[in-house]
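Scroll down for the structure; my scribbles are underneath it.
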Amino acid sequence: MRRIGAISFCDTLATHGRLAAICSLYNLCTMSNPPTPTAARIADEIMNVVDAHNANEPEFRQAVAEVIDSVASVVERHKKYRDAKILARLVEPERVIQFRVPWFDDENNVQVNRGWRVQFSSTLGPYKGGLRFHPSVNISVLKFLAFEQILKNSLTTLPLGGGKGGSDFDPKGKSDNEVMRFCESFMIELARHIGPDTDVPAGDIGVGVREIGFLFGQYKRLHNKWHGSLTGKAFGWGGSHMRPEATGYGVVYFADAMLKRNDDSLEGKTCIVSGSGNVAQFAAAQLLKQGATVVAMSDSGGCIHDKDGIDKEKLAWIIEQKNVKRGRIKEYVERYKQAEFIENGEDNSIWKLKADCAFPCATQNELVAADAKHLVNTDVKLVCEGANMPATAEAMHVLMESDVLYGPSKAANAGGVAVSGLEMMQNSMRLSWSAEEVDRRLREIMKSIHDACINAAEEYDLNASYVHGANIAGFKRVADAMIEQGVV
Ligand code: NDP
Ligand code: 2IT
């Protein structure tokens with residue numbers, strides 16, 4: 001420090017004169033042993049910057065605040081993270097791409113949507129994360145998702161950076177041809193920004209195997225290369241066994257690990273699963289395999305409550321209804337008369353039901369403080385998140401203050417991206433593993449994420465909090481790699 005100080009004094013004297021040199025020496029003397037800032041001050045300082053730079057991005061600020069709340073104490077303990085300005089660098093995306101997506105609808109009208117790709121962090125590997133097609137998509141939503149993805153992907157221990165993209169395009173009510181034309185136009189721009197060693201998108205809300213197929217076809221045509229540049233491909237042409245199941249199954253494996261640690265299991269538990277898309281469908285399917293009873297599922301219109309339980313046959317009906325007919329879940333009650341449909345409203349939601357375990361698998365901020373209080377007051381044992389950031393900050397607070405076992409999304413839903421990572425490996429090796437092999441690896445990854453959360457929480461004396469544990473374990477791997485890679 002002193003030696004550098006002397007050099008700095010002489011250099012500054014030569015280039016900027018005496019006053020500047022004295023000032024720089026004074027700064028060094030007074031700064032040589034600055035008091036360690038408290039975690040609270042570290043958090044305040046970085047959140048002031050984040051709030052000022054991202055004033056119109058509430059979801060992004062929410063996601064960052066939650067992480068900072070956990071990792072500020074890590075930064076307080078380790079000077080190396082402060083010196084390298086890790087937090088200030090981590091909250092700034094490496095690159096954000098926005099583009100126009102023009103396309104023809106079936107009536108030959110020109111339609112225009114917005115497309116984005118947020119390439120947030122390439123520290124641990126190529127940018128990796130899904131594409132979301134939904135009218136609510138905007139830059140705030142995509143930045144929150146990409147930011148979460150950095151730490152989630154870090155938890156998997158696979159070589160994956162963090163990214164997210166998508167469009168405000170609404171696939172609902174569109175013909176297959178319209179979806180195809182939209183995907184082709186979207187990919188004409190996206191193709192120049194992605195690649196197997198650069199950025200590997202996958203699915204998310206509104207993007208499933210149909211959309212990935214259209215996107216992949218256009219990518220291949222543009223590059224004239226059969227690259228594993230997208231994951232979530234159909235099994236027949238480069239997809240991995242178990243990728244469709246991975247997120248939902250992984251959520252339930254994580255829940256099982258939380259319960260096992262408390263000498264309990266899912267067997268015989270009643271469960272509510274919000275959503276009825278990819279994640280919800282396979283979470284419900286795995287819950288049935290583990291001997292639980294699923295009594296409610298939902299879509300954006302409302303939920304169905306079936307006290308007799310949604311068994312395998314009823315679940316198959318829901319899957320057909322959502323994936324093939326692209327219909328609404330409320331039609332369930334016409335087929336299964338004992339069930340009731342509860343329309344979403346001010347005081348009505350799936351979270352007003354009673355169950356042993358709750359699995360939010362629809363979308364962000366779907367579970368608010370009043371829902372969390374209701375769940376706690378009705379003795380829910382476990383809340384395990386399939387959707388990304390499904391609980392509001394206030395709802396998270398309620399759950400974290402309670403005895404409920406609470407599995408946060410970036411840990412609990414990491415199974416999807418983990419199997420995407422396995423799909424990338426299989427593509428690189430030009431082989432495919434059996435479903436049993438992929439499932440075995442998925443179970444191992446979910447268990448190791450669970451253990452990493454607990455170990456990190458214990459190291460920081462955080463009372464087995466999975467929320468803090470996930471943030472800290474995910475953060476440390478990225479932060480250490482950032483230091484090793486220099487100021488980039
Ligand atoms: P899908 O598009 O397959 O399904 C989404 C489900 O959530 C549908 O039932 C949909 O209802 C409902 N939903 C979507 N938006 C809203 C909304 N604004 N309000 C209420 N309900 C809504 O998406 P996925 O199942 O793939 O994704 C669900 C969640 O899981 C998302 O948070 C996603 O980010 C997360 N996730 C997904 C992964 C994956 O591998 N697919 C991996 C990790 C996390 P409706 O049909 O009425 O629109
Ligand atoms: O939120 C997520 O982890 C995903 N949508 C899956 C991302 C991926 O690259 O498989």
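Of all residues in segment 50-59, those satisfying the criterion of being closer than 27 Å to Pro390 by Cβ and assigned to a helix (DSSP H, G or I) are Val50, Asp51, His53, Pro58, Glu59.
Can you give me the number of residues within segment 297-310 that are within 24 Å of the chain's Cα centre (by Cα) and buried (at least 24 other Cβ atoms within 10 Å of the Cβ)? Even if it seems obvious, please write down each step before you answer.
Going through segment 297-310, the residues within 24 Å of the chain's Cα centre (by Cα) turn out to be 297-303.
Next, only the ones that are buried (at least 24 other Cβ atoms within 10 Å of the Cβ) stay: 297-298, 303.
Residues that pass the stated criteria total 3.
Annotation note: Cβ proximity below 8 Å between a residue of segment 270-288 that is farther than 18 Å from Leu367 by Cβ and a residue that is of a type in the set (D, E, K, R) and within 16 Å of ligand 2 (Cβ to nearest atom) (sequence gap 6+ or interchain) occurs for Phe282/Glu245; Ala285/Glu245; Gln286/Glu245.
Within segment 369-428, being in contact with a Pro (Cβ under 9 Å, 6 or more places away or on another chain) and more than 16 Å from ligand 1 (Cβ to nearest atom) holds for Asn427, Ser428. All conditions in (1) of a type in the set (Ser, Thr, Tyr); (2) surrounded by 18 or more Cβ atoms within 10 Å (Cβ to Cβ); (3) more than 29 Å from Asp106 (Cα to Cα) hold for Thr157, with the sole exception of (2). Among residues of segment 137-151 that are in contact (Cβ under 8 Å) with a residue 40 or more places away in the chain and away from ligand 1 (no atom under 11 Å from the Cβ), those with a Cβ under 7 angstrom from a residue that is assigned to a helix (DSSP H, G or I) and open to solvent by 10 Å² or more (accessible area, probe 1.4 Å), sequence gap 6+ or separate chain, pair up as Ser140/Pro58; Ser140/Glu59. Within segment 178-204, residues that are among the aromatic types (Phe, Trp, Tyr) sit with their Cβ atoms under 6 Å from residues that are modelled with pLDDT of 95 or more, at 6+ positions apart or across chains, in these pairs: Phe182/Trp103; Phe182/Phe169; Phe186/Val101; Phe186/Gly115. If you take the residues in segment 60-96 that are aliphatic (A, V, I, L, M) and open to solvent by 20 Å² or more (accessible area, probe 1.4 Å), which one is farthest from the chain's Cα centre (by Cα)? Looking at the filtered set, the residue picked out is Ala84.
Each residue in segment 276-293 was checked for being touching a strand residue (DSSP E or B) at 6+ places or on another chain (Cβ under 6 Å) and under 17 Å from Phe254 (Cβ atoms), and 5 pass.
Residue-wise test of (1) surrounded by fewer than 24 Cβ atoms within 10 Å (Cβ to Cβ); (2) in contact with a strand residue (DSSP E or B) (Cβ under 7 Å, 6 or more places away or on another chain); (3) aliphatic (A, V, I, L, M).
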residue: Trp433; (1), (2), (3): yes, no, no
residue: Val438; (1), (2), (3): yes, no, yes
residue: Ala457; (1), (2), (3): yes, no, yes
residue: Leu462; (1), (2), (3): yes, no, yes
residue: His468; (1), (2), (3): no, no, no
residue: Arg477; (1), (2), (3): yes, no, no
residue: Gly486; (1), (2), (3): yes, no, no
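Residues in segment 233-278 that are closer than 23 Å to His305 by Cα, open to solvent by 20 Å² or more (accessible area, probe 1.4 Å) and within 16 Å of ligand 1 (Cβ to nearest atom): Tyr249, Gly277, Asn278. Number of residues in segment 97-123 that are surrounded by fewer than 22 Cβ atoms within 10 Å (Cβ to Cβ), under 21 Å from Ala202 (Cα atoms) and not β-branched (Val, Ile, Thr) equals 6.
Of the residues making up segment 152-165, those that are within 20 Å of Gln62 (Cβ to Cβ) and either within 10 Å of ligand 1 (Cβ to nearest atom) or in a helix (DSSP H, G or I) (or both) number 5.
Screening Leu442 on (1) part of a helix (DSSP H, G or I); (2) open to solvent by less than 20 Å² (accessible area, probe 1.4 Å); (3) away from ligand 1 (no atom under 16 Å from the Cβ) shows it passes everything except condition (3). Here the condition is being open to solvent by 20 Å² or more (accessible area, probe 1.4 Å) and within 16 Å of ligand 1 (Cβ to nearest atom); of Ile205, Ile212, it holds for Ile205 alone.
The values are calculated or read from the model by the stated rules, or taken from the named source; none is laboratory data. Note that the structure is a prediction, hence the values are computed from the model and not measured. Every residue, glycine as well, gets a Cβ built from its backbone with ideal geometry; the counts of neighbours run over all protein chains shown. Note: accessible area is taken over every heavy atom of the protein model, side chains too, but ligands, DNA and RNA are not part of it. Shrake-Rupley method; radii C 1.70, N 1.55, O 1.52, S 1.80 Å.
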